[in-house]
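These notes are about the structure you will find just below.
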Amino acid sequence: MESEMIETMIQCYTKAIETGNFSMPTSCCRCCHEKADHYTLHECRKRTLRIVIQDIVEIVMTFLLRWKCPLCQCTFTDYPVFMIPHKRFALFDMCRFGQKYLESETASYRNTVKSNASDIGYIDPGTGLCEQFLSHSTLYCFMGYLSNLCPSFHENMFTISSNKYRTSARKFTLTCALYAIKDIAKKAIFPDFETLTA
């Protein structure tokens, strides 16, 4: 997914929250794993998210909704499709970098997190200069996270270049990550926001 599409998706989601034009979750409660007929809105809190636009890391503000389950009385966070728990970068950005890295024979982590051979930087609000840059270790760590999202699959479904790993365990991790990236791309449908009735 292109960076402009990710930015538009986040803007649309944020506007929907601001105008109350959203619906309650249709999935199971993340605490008791049961599906209730309705959930009660418990909290709306601000959340910053990093997205990559060309060679700049932009920090955008959006929201996370927390819901109360009538079955277990616990509250849980409903994450939008572009955001995942405990990660600062938009999911689709990291998937885009991950796919670029995994499907290229010659790509390294360091040159993957560059834009046209230039470092991807954070703009300093005071000076307008980039003094901090996207680290290759961010992508390395994200591969491990993505591999944990992977459902069961046949190990030989994808071929990972031997340049990418030194151990069979890392090969498996990267193969799982690529499978997860492909799966996320297929399911990347922007949710349909409706007026909240709960």
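Every read-out reported here was derived from the displayed coordinates using simple, explicitly stated rules and does not represent laboratory data. Since we're looking at a predicted model, the values are computed, not measured. Counting neighbours? That spans all protein chains shown, and the Cβs are built from the backbone with ideal geometry, glycine included.
Non-local amide H neighbours of residue 130 (under 5 Å, H modeled in plane, Pro and chain starts lacking H): which ones?
Under 5 Å from the amide H of residue 130 lie the amide H atoms of 124, each far enough along the sequence or on another chain.
Report the Rg/Rh value for the chain, based on alpha-carbon coordinates and the Kirkwood definition of Rh.
1.01
How compact is region 91-185 by the rule of thumb for globular proteins, expressed as Cα Rg over 2.2 N^0.38 Å?
1.18
Please compare each pair in 46/87; 100/164; 15/114 to a cut-off of 24 Å on the Cα-Cα distance and tell me which ones are over it.
15/114
Quick one: which residues, 5+ away or cross-chain, put their amide H under 5 Å from the amide H of residue 57? H built at 1.01 Å from N.
Those qualifying (amide H under 5 Å, at least 5 residues apart or on another chain) are 121, 122, 123.
Highest GNM mean-square fluctuation, the chain, Cα pairs closer than 10 Å: which of 30, 66, 50?
30
Against the longest principal axis of the chain, how steep is helix 3-18, in degrees 0 to 90 to the nearest 10, with axes from Cα atoms?
Between helix and principal axis, roughly 20 degrees.
In degrees between 0 and 90, to the nearest 10, how far off the longest principal axis of the chain does helix 168-187 point, with axes built from Cα atoms?
Value to nearest ten degrees: 50.
Please identify the cysteines of the chain that lack any partner cysteine with a Cβ under 4.7 Å from their own Cβ.
12, 28, 44, 95, 130, 141, each lacking another Cys Cβ under 4.7 Å.
Could you list 27, 135 so that the one with the fewest beta carbons within 10 Å of its beta carbon is first and the one with the most is last?
27, 135
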